[in-house]
Protein chains: 2
Amino acid sequence: MPGPPPPLPESEAESLDVWGFRDTHFDISENGHVIIRGNRYELSGKELPRFLPWVREVLETDVNAKDVHRPQYPTAIAEPVLSEGLLAALRTVVSDTQIETNGEVRMRHGHGHTQEEMFSIKYAHLGRIPDVVVYPESEEEVAKLVEVAKQQNATLVPYGGGTNVTDALRCFPSEQRSIISVDMRRLNRVLWIDRTNMLACIQAGAVGRHIMAELKKHGLTMGHEPDSVEFSTLGGWIATNASGMKKNRYGNIEDLVLDVNVVTAGGTLERSSCSPRESVGMDLRRLIFGSEGTLGIVTSAVVKVFSLPEVQEYGSVLFPSFEQGFKFMYDLMREASPPASVRLVDNLQFQFGLALKPKSTAMGKFKSRLERFFVTKIKGFAGEKMVACTLVFEGSRSEVDQQQRDLYRIAARHGGMKAGGENGRRGYQLTYSIAYIRDFLMNYYIIAESFETSVAWSDAMALCTNVKRRLLDEYARRKLPGKPFVTARVTQLYRTGVCIYFYFGFYYKGISNPQEIYLDLENIARDEILKCGGSLSHHHGVGKLRQAYLPRIMSPAALQWKRDLKKSLDPANLFGAGNQDLDSQ
Amino acid sequence: MPGPPPPLPESEAESLDVWGFRDTHFDISENGHVIIRGNRYELSGKELPRFLPWVREVLETDVNAKDVHRPQYPTAIAEPVLSEGLLAALRTVVSDTQIETNGEVRMRHGHGHTQEEMFSIKYAHLGRIPDVVVYPESEEEVAKLVEVAKQQNATLVPYGGGTNVTDALRCFPSEQRSIISVDMRRLNRVLWIDRTNMLACIQAGAVGRHIMAELKKHGLTMGHEPDSVEFSTLGGWIATNASGMKKNRYGNIEDLVLDVNVVTAGGTLERSSCSPRESVGMDLRRLIFGSEGTLGIVTSAVVKVFSLPEVQEYGSVLFPSFEQGFKFMYDLMREASPPASVRLVDNLQFQFGLALKPKSTAMGKFKSRLERFFVTKIKGFAGEKMVACTLVFEGSRSEVDQQQRDLYRIAARHGGMKAGGENGRRGYQLTYSIAYIRDFLMNYYIIAESFETSVAWSDAMALCTNVKRRLLDEYARRKLPGKPFVTARVTQLYRTGVCIYFYFGFYYKGISNPQEIYLDLENIARDEILKCGGSLSHHHGVGKLRQAYLPRIMSPAALQWKRDLKKSLDPANLFGAGNQDLDSQ
């Protein structure tokens, strides 16, 4: 058992009021261009001169770098509901350095990254937040916290990276009990690595980037890379049933996790050994996937690990249209072994990527190459229709060679043109820096967020089209400013369907409740998704944001089963996160 | 919705007293050789002259074809606990042709194929059996049966193929209520096939061989082939969390099933659509996998389907020792994409296969080829040490070519020699006819059965050795006749471990309670398996046979969770199969 983890260096400090590391944020440069401050990412320090003009063009509004919607963070912070008795009881379990009552820290533990939450902490009021944050350093401490909660009539809400986009951490305004946020991030050790069986046991509070770094020292990887991998935790991945961008090679979280330890209201769920696969009756551990904090706290998990791939290569393909790109993906899944990751962006998102090109010679190079495409080689490619597919190949040299041969052959059949590894790599790197953009844009009266679904192949194209049209129609009907930004990408392929990921945003100057309007429109999009046969969520989860839709996807008996199960397994609702409408206390 | 299924032709009738089709059984020929009657299997109608001598040699006993332990089937059949009220209520739900009270049919519905059960129906007393068998023909009828059970204070036990080997169908002697066996085999339609998304919706009572035949008409397969595929049902696969021999290509049952409809005490669990993958909170459908009849009755499932493979080829490799074969498998899993199925038998099981060779020129050919091995090419191969690995390749021509190249290269590194497709094919075909042998041998005072486990790679060799040694030691210590037959094969490969399948049998003439002695020894083997880090079961399940071991693999909290869950979801214990120690009424 390794010793306690060292404290994080200042360079890894995270912001409380916006996404990400404190050393990174979007800004306006001296030249009036958008720039990313810091030096953490590839784009860091670079000016993006095309970005603001492009935003103005797309939103058909006069976004002005000088007209700032200044954040009021921290808006009102509720006083904690915290008795001396509870504090004293907590002190019998953990040391003072593991107890935090600071208002901003408590507030940070009461939200994730939905647009409503981020708007609230800057411009409105988040409402009820946790009353105290506790940082356990062992499974035993977590178990003792459950006893404290029982005795003191408090409720526990586990906290991992705080990156959810489902209101999963939001507190019930009516919660009378003290809310203890259990921040798991000091439970972050890799407990053991078993190279023979390719397993590792990792504590649940370990953050994705640390897991990657630690395993890399041993030439290994877990291969799980959700877009939030820099901040989200193993326990959070399990609790939300997360998906990683390289799932084609490594699987989603449910494929990677072989065993979990969970502290519940009735004691600790654990097993004597970890089998490759088994049939030992109802597998309660499977209930923990997607439990969103409502059944207990995951303390550690045994996961599969893989040798670092011999080869990692990026690639990209341009297609004349989204439809052609989509058909390529379908055939790829039928006819070949797809690479670790395959993503297809629509035309607007393709343009978005171009708008984020820094001012550099590379830009010029790409432009000229692009021109060559249009003018000479592939006259049919229209700027307002073409789309891009980005690729990550991982594996042995021969595996990757085979995948590339098959893929580019199938792509060519659908009019696809190879557009190089550099554009592919850039597409994936963008994922991390782009996550900062939302908070930046909010400063200029732009509100935006993503939502996703999974859907059968046969329904996917219609779903994309209908969701976009419905949002555009409803937006226009409300006479909201300019035009909204609505775009889709296909981010995961399965034999039977795909994951579709939407961005939706708009300019809200002059509107006092943009977060409510946004939510209203997002709900309309979700209604359309369900009508088109899409799932309630592919990997974000339900939380509180989508719980009202559960009756549309599950039969009354199934819903009642869930409520009965919660009541039976946690009769006092000690795990009071209340997601999935499980706040029946 | 297709019409009701046609009745099964007489040629597909199954035996009530022994395994399998009525048209097939082992027998002694006029020449005094073992022969398989009928013409269903490749071995059917062929004499196996080596078999009895080999059995005598291995068991070190004088097994005599003339000394028959004549079965008394059917031994005492308990009178049904069946009120006029219950019968009348059943008649409001189903027609008379769907209700069966015949004693032998009821008895058949009260057991699977454990050695104790099969011994009991022939030589002892099975005890409590179902009081009535009902054959629903729609999900609605199943739901109505639940209402009848509620009103009439009866209990329901679903029945699929009756092939379990876990005492899962055995009735509690103390059950006072009427036991209604719900035979699902008339719910056997393929409801729809979706070629675009490669899905099929199939009723739960459909038997494996019918699913294969029906899908084959469309050029498709589900790819799920447990050894019992001729008789077991889709619903049974789900309820036991089954594994198929080609899982490397198609996955196990949990990978293949995307959605299930389940009739429960609280109504029908169902979903509005079927997603490729999703995160919609706790997935209660996952509880149904391995539920063994205790939570409800699966009525249909949406499963993945696959195009029939372009190529299906068999193969086999001989290795000088089990250890070398095992190391080959480990490297194969690490370095290459394994074929659909890879199995490694130990030396005794290899000999068993040879003993089942029919008297034919093929036999002579093989022998001489074998001699060539020994004498000229590979002098190191010892008859009492060498083992065989059998292979099934499925896929496109190029996939299979690649798999074969990689596999034979790795095999050669471990001293493996290609032994041809014919031997491989024979090994797999044997699976089906060999299933009949146990009932035949019981006629000659031999009792035998299989049990299995899954275990990490690093513990697998020691587990095999220790389990065998322990059984041999305990057998000798009891001064039982001759020597027992104990042999192992590796039947499934996973990244982190393997499935190991044991056969154990012995000669019991002169012993009055062989089934009890067998059970005692099987329990000792299970104890050793658990000590060696093996799982309680890889795919057979828990049932009642292994429920006493649950506290050894799960923490008290996990066990209590299961009991609470059962109580909460089925408070009246309407689904009273009582497996996994869930008979808490």
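Here are some notes:
- All of (1) within 29 Å of the chain's Cα centre (by Cα); (2) over 30 Å from B:Leu191 (Cβ atoms); (3) open to solvent by 50 Å² or more (accessible area, probe 1.4 Å); (4) of a type in the set (A, V, I, L, M, F, W, C) hold for B:Leu8 with one exception: (2).
- Positions within the range A:289-305 being surrounded by fewer than 24 Cβ atoms within 10 Å (Cβ to Cβ) and more than 8 Å from chain B (Cβ to nearest Cβ), in sequence order: A:Ser300, A:Val302
- For the range A:497-510, the set of residues classified as open to solvent by 10 Å² or more (accessible area, probe 1.4 Å) and more than 14 Å from chain B (Cβ to nearest Cβ) consists of A:Tyr503, A:Tyr507, A:Lys509, A:Gly510, listed by residue number.
- The residue that is farthest from A:Ala435 (Cα to Cα), counting only those in the range A:35-74 that are open to solvent by less than 40 Å² (accessible area, probe 1.4 Å) and without any contact (Cβ under 8 Å) to a residue 60 or more places away in the chain, is A:Leu52.
- Residue match in the range B:511-529 (condition: under 25 Å from B:Leu169 (Cβ atoms) and within 11 Å of chain A (Cβ to nearest Cβ)): yes
- Only a single criterion out of (1) surrounded by 22 or more Cβ atoms within 10 Å (Cβ to Cβ); (2) under 23 Å from B:Glu117 (Cα atoms); (3) touching a Lys or Arg at 6+ places or on another chain (Cβ under 9 Å) is not satisfied by B:Ser454, namely (2).
- Selection of the range B:12-28 for residues being part of a strand (DSSP E or B) and crowded, with 16+ Cβ neighbours inside 10 Å yields B:Glu14, B:Phe21, B:His25, B:Phe26, B:Ile28.
- Residue count, the range B:234-249 (criterion: in a helix (DSSP H, G or I) and surrounded by fewer than 24 Cβ atoms within 10 Å (Cβ to Cβ)): 2
- Set side by side, the residues B:Asp473, B:Asp459 differ, and just one is more than 11 Å from chain A (Cβ to nearest Cβ), acidic (Asp, Glu) and out of contact with any helix residue (DSSP H, G or I) (no Cβ under 7 Å at 6 or more places or on another chain), which is B:Asp473.
- Selection status of A:Tyr494, more than 27 Å from A:Phe172 (Cα to Cα), open to solvent by 20 Å² or more (accessible area, probe 1.4 Å) and touching a residue at least 12 places away in the same chain (Cβ under 8 Å): yes
- Enumeration of residues in the range B:144-166 that are at positive phi and buried (at least 20 other Cβ atoms within 10 Å of the Cβ): B:Gly162
- Residue satisfying all of: in the range B:251-288; assigned to a helix (DSSP H, G or I) and open to solvent by 10 Å² or more (accessible area, probe 1.4 Å); nearest to the other protein chains (Cβ to nearest Cβ) among these: B:Arg286
Residues are listed down the side, and each one gets a yes or a no for (1) more than 14 Å from chain B (Cβ to nearest Cβ); (2) modelled with pLDDT under 90; (3) under 30 Å from B:Asp401 (Cβ atoms):
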| residue | (1), (2), (3) |
| --- | --- |
| A:Ser368 | yes, yes, no |
| A:Thr376 | yes, yes, no |
| A:Val387 | yes, no, no |
| A:Leu391 | yes, no, yes |
| A:Ser396 | no, no, yes |
| A:Gln402 | no, no, yes |
| A:Arg405 | no, no, yes |
| A:Ile410 | no, no, yes |
| A:His414 | yes, no, yes |
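- Of A:Ile77, A:Ile179, A:Ile121, all but one fail to be under 27 Å from the mean Cα position of the chain (by Cα), more than 23 Å from A:Ala204 (Cα to Cα) and open to solvent by less than 10 Å² (accessible area, probe 1.4 Å); the exception is A:Ile121.
- Qualifying positions in the range A:196-212 - among the aliphatic types (A, V, I, L, M) and under 20 Å from the mean Cα position of the chain (by Cα): A:Ala204, A:Ala206, A:Val207, A:Ile211, A:Met212
- Tabulated pairs, the range B:156-168, first touching a residue at least 40 places away in the same chain (Cβ under 8 Å) and under 21 Å from B:Pro136 (Cα atoms), second among the polar types (S, T, N, Q) and surrounded by fewer than 24 Cβ atoms within 10 Å (Cβ to Cβ), C-beta under 8 angstrom, 6+ apart or interchain: B:Gly160/B:Ser232; B:Gly161/B:Ser232; B:Thr163/B:Ser232
- Note on the range A:522-579: among residues that are in contact (Cβ under 8 Å) with a residue 60 or more places away in the chain and among the charged types (D, E, K, R), the one that is most open to solvent (accessible area, probe 1.4 Å) is A:Lys531.
- Selection within the range A:388-431 - farther than 16 Å from A:Ala336 by Cβ and in contact with a Leu (Cβ under 6 Å, 6 or more places away or on another chain): A:Ala388, A:Met417, A:Ala419, A:Gly424
- Candidates A:Gln324, A:Gln351: the one that is modelled with pLDDT under 95 and closer than 21 Å to A:Val467 by Cβ is A:Gln351.
- Of the listed requirements (1) assigned to a loop (DSSP other than H, G, I, E, B); (2) of a type outside the set (Asp, Glu); (3) open to solvent by 10 Å² or more (accessible area, probe 1.4 Å), A:Leu187 misses just one: (3).
- Among (1) at the interface with chain B (Cβ under 9 Å from one of its Cβ atoms); (2) closer than 30 Å to A:Pro339 by Cα - the single one A:Lys566 does not satisfy: (2)
Here is a yes/no grid of residues against (1) in contact with a Cys (Cβ under 7 Å, 6 or more places away or on another chain); (2) without any contact (Cβ under 8 Å) to a residue 12 or more places away in the chain; (3) under 25 Å from B:Asp331 (Cα atoms):
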{"residue": "A:His224", "(1), (2), (3)": "no, no, yes"}
{"residue": "A:Phe231", "(1), (2), (3)": "no, no, no"}
{"residue": "A:Lys247", "(1), (2), (3)": "no, no, yes"}
{"residue": "A:Tyr250", "(1), (2), (3)": "no, no, yes"}
{"residue": "A:Ser273", "(1), (2), (3)": "no, yes, yes"}
{"residue": "A:Ile288", "(1), (2), (3)": "no, no, no"}
{"residue": "A:Ser316", "(1), (2), (3)": "yes, no, no"}
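- The residues on offer are A:Thr431, A:Thr487, A:Thr465, and the sole one that is without any contact (Cβ under 8 Å) to a residue 12 or more places away in the chain and more than 14 Å from chain B (Cβ to nearest Cβ) is A:Thr465.
- Some residue of the range A:546-563 being within 10 Å of chain B (Cβ to nearest Cβ), β-branched (Val, Ile, Thr) and touching a strand residue (DSSP E or B) at 6+ places or on another chain (Cβ under 7 Å): yes
- Residue match in the range A:204-215 (condition: closer than 22 Å to B:Ala456 by Cβ, open to solvent by 30 Å² or more (accessible area, probe 1.4 Å), more than 9 Å from every other protein chain (Cβ to nearest Cβ) and modelled with pLDDT of 95 or more): yes
The values are calculated or read from the model by the stated rules, or taken from the named source; none is laboratory data. This structure is a prediction, so every number in the text was calculated from the model and none was measured. No Cβ is skipped: glycine too gets one built from the backbone with ideal geometry, and neighbour counts run over all protein chains shown. The area values use the complete protein model at the heavy-atom level, side chains included, leaving out ligands, DNA and RNA. Shrake-Rupley method; radii C 1.70, N 1.55, O 1.52, S 1.80 Å.
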